[in-house]
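Working notes for the structure below.
Coordinate-derived values only; no laboratory data. Predicted model only: the values in this text are computed from it and were never measured. Ideal geometry is used to build each Cβ from the backbone, glycine not excepted, and the neighbour counts take in all protein chains shown.
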Amino acid sequence: MMSSKLFRVTPTYCIIAHRYMQAVHPTKFEISPMHKEKVNRNSIVRQAEKVVGYPTSFLNLRWILNDEAANLAMHLKKLIGTKHPLPKITKNFLFSNDLPSLGLVILLVSKMGGLNPEAEEMDCDRTAGILHGQRVLAEVAEMIRTSFLVHRSLLKVEAGSDEADDLSQGNKIALLTGDYLLSKCFNDLALIRNSDVTDIISTATRDCSESDYVGPFDEKNRAIPAEPNPVFRDAAEYFDENYLDPGPYKVNEILGSPRNEWVLRTVLSSANLLGKSCQAAMILGNHGADLQNAAYQFGKHVALSWQARIDYDDFFANSGGINLVSAPVMLHLEKHPEFYTEIKNGCYNPDGCDYSNIRPIILNGTAVLETQNMCRDYARRASKNLDSFPDGDAKDALKKIINAL
């Protein structure tokens, strides 16, 4: 049986098929606006990858052919058909390519900063305009992100249930896979031999870990919002446009303000990883503090815009459950604190949360539109951060990525 990877349907093939079907049945076949938008984002990502000339994910041949990776893939196959989320996470990671990877953004920022004239020839890829250490850094950031995605697939298993054995096995594989990726990334990070970079990436890893313990949780260990605090009703933006504090943050001063809580969760789980990785890339390139700060702000704002877009898409794409700490829910909660009673009652209901009741309430408000506006606002901030860098093909590629969000 041939590998499914060989028969991935490319956006170009979809468009050709669409034109053929449209010619045969002009009134019966239309590509949805969402699909057209996804095809456009795919095209932008592929064009950006040509700028850096390198596989931007750590899942390249030299990693896939590793013996440990082959063993993990063998165990992962055993989970197919079970209710453990790890196979779905793996599938989404391998085949969902309509949004740029962290590695791609880091490499583009590295190229945008330029090579230092004093850099040694053996440390540089002159053709791509990137240091070999910056490539390793991009792979390290990808591995850290993936390891935490895998670790977050761990489920609470009820002893004696029909699926307890399968879910326990899935938890073991998820735990060991995530641990293996983290151990490998820190080994690669040490090979860069830069203590400042190691320190920055270590704090980003700390933030990713802390994000899993922010706020309350329901009976199934899923994150739910903190109860809105009237004191924070009109609280100012905690992470404003020029906020540079690397953390740790005073969580108790943020929980209770739904908008700031969403930003905090995103900053800890992904935005600081991308922002600090971009900052570390500038350190490796021997760039000054101004470019380092601009790179951090750019990465942070791109990740926030990225997450707002994901939350918006997931709210409509997922007809079942809702992420209760997603942007639409948190922004609705900001305007309507009494909505927290609905969330709390649903989450602690023995039959599970009644999403069919929560979704219409949010749709009847302004939170969905505000999520779109928030996505655009953070994209605008990221675009403004690019003004600190010289013009070039890498900068143009990043602008296209921002506009596609």
Legend entry - Computed over the range 266-306, Cα set: Rg, Dmax in Å: 9.7, 29
Legend entry - In range of the label at ASN286: residues from the range 100-136 whose backbone nitrogen is under 16 Å from the point 7 Å along Cα→Cβ: 113-126, 130-134
Inset, instruction - Tabulate in residue order the Karplus-calculated ³J(HN,Hα) for the range 196-210, using 6.51 cos²θ - 1.76 cosθ + 1.60 with θ = phi - 60°, rounded to whole Hz; enter x for Gly and Pro. - result: 5, 5, 4, 5, 5, 5, 5, 5, 5, 5, 4, 5, 4, 5, 5
Legend entry - Per-residue Cβ neighbour rank within 10 angstrom, fewest leading, GLU253, GLU210: GLU253, GLU210
Inset, instruction - For CYS124, list long-range residues whose amide hydrogen, built 1.01 Å from N in the peptide plane, is under 5 Å from its own amide hydrogen. - result: HIS132
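Treat the count of other C-beta atoms within 10 Å as a stand-in for reagent exposure and order GLU49, GLU227 from fewest to most. Please report the intermediate quantities before stating the final value.
Details: GLU49 21, GLU227 16.
Least to most surrounded, the residues fall as GLU227, GLU49.
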Legend entry - Sorted by Cβ neighbour density within 10 Å, fewest at the top, the residues ASP166, ASP196: ASP196, ASP166
Inset, instruction - May I ask for the net charge around ALA164, where only other residues with Cβ less than 12 Å from the Cβ of ALA164 are counted and Lys, Arg are +1 while Asp, Glu are -1? - result: -3
